[in-house]
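These notes are about the structure you will find just below.
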Amino acid sequence: TDTPSHKLDVDGDIKATGNVNAKLRHINTAKFSSTDTSQRYVRWDAAGSNGSPGVNNKFIAPCNGSLISVTIRSTSTANGTNIAFHKASSGTADLNTTATETIVVDMSAANTAYQANFSSSTFNTGDILGISIDPSSQPNDVNITCVWLLDWNA
């Protein structure tokens, strides 16, 4: 068409021979409860969090990529809350406790979603990745959703 609505708009089957390069947005969620204002590392294998990073608070990057955003919601006002991206290179046991990037979110209302947009949280294949939450007020029940960009072209 002379005026396509998208760069590629196919109505029907596609067959490709050779490589198909792609970037994928991957979404994962986690939940935990916190009855204090201490920093918590999100668990990825089950609900919960830990005060220091360990085996439950990390996952392995399947390819190069970046963290795009974290959306967070708590049942209590958590006010100024630090949401941090942590990583460590392949061969390291646990996440680095020094964050790669930290975004401060003012969670001034309970049961309201807030979004932290990350700009410099990149990683390489094999890196271990994790998220920590450090609220200034007790958040109680917390739900988070992370959006990752996985670059299969690298």
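Some observations on this one:
- For segment 114-154, the Rg and Dmax computed from alpha carbons only, in angstrom: 13.5, 42
- For Met107, nonlocal amide neighbours, meaning residues 5 or more places apart or on other chains whose placed amide H falls under 5 Å from its own, are Ala78, Asn79, Gly80, Thr81.
- A 1.4 Å probe run over segment 11-154, with the rest of the protein chains in place, finds 52 Å² accessible per residue.
- Cut-off 14 Å between beta-carbons: net charge of the residues surrounding Ser89, Lys and Arg +1, Asp and Glu -1: 0
- Counting only the Cα atoms, segment 1-127 fills a convex hull of 182 Å³ per residue.
- Area accessible to solvent at Leu24, 1.4 Å probe radius, in Å²: 80 Å²
- Accessible carbon and sulfur surface of the chain relative to its total accessible area, %, 1.4 Å: 46 percent
- Straightening the chain between Asn124 and Asn82 buys 12.7 nm, computed as 0.36 nm per residue apart minus the Cα-Cα spacing.
- Each other residue within a Cβ distance under 15 Å of Ser52 adds +1 if Lys or Arg and -1 if Asp or Glu, for a net charge of 0.
- Residue-count net charge about Arg43 - beta-carbon cut-off 11 Å; Lys, Arg +1, Asp, Glu -1: +2
- Put simply, the amide H of Thr100, placed in the peptide plane, has neighbours under 5 Å in Phe85, His86, Lys87, leaving out anything fewer than 5 places away on its chain.
- For segment 127-141, putting each phi into the Karplus relation 6.51 cos²θ - 1.76 cosθ + 1.60 with θ = phi - 60° gives couplings of 5, 9, 10, x, 10, 10, 10, 10, x, 8, 9, 4, x, 6, 7 Hz, in residue order, rounded to whole numbers and with x for Gly and Pro.
- Sorting Asp106, Asp94, Asp151, Asp13 by solvent-accessible area of protein heavy atoms yields Asp13, Asp106, Asp94, Asp151, largest first, with a 1.4 Å probe.
- Ala16 versus Thr75: modelled label distance in nm, points set 7 Å from Cα along the beta carbon direction: 4.5 nm
- Alpha carbon centroid spacing (whole Å) that separates segment 3-72 from segment 75-123: 14 Å
- Ranked from largest to smallest solvent-accessible area, with a 1.4 Å probe on the protein heavy atoms, Arg40, Arg25, Arg73 come out as Arg25, Arg73, Arg40.
- In the complete set of protein chains, residue-level accessible area for Val10 is approximately 70 Å², probe 1.4 angstrom.
- Value of relative contact order over the chain, rounded to a whole percent, pairs C-alpha under 8 Å and six or more apart: 37 percent
- Mean projection area, nm², convex hull over Cα of segment 1-46: 7.8 nm²
- Rg over Rh, two decimals, segment 28-88 (C-alpha only, Kirkwood Rh): 0.94
The values are calculated or read from the model by the stated rules, or taken from the named source; none is laboratory data. Everything quoted here is computed from the prediction, not taken from an experiment. When we count neighbours, we look across all protein chains shown, and the Cβ atoms used for this are built from the backbone with ideal geometry, even at glycine. Heavy atoms of the whole protein, side chains included, go into the accessibility calculation; ligands, DNA and RNA do not. Shrake-Rupley method; radii C 1.70, N 1.55, O 1.52, S 1.80 Å.
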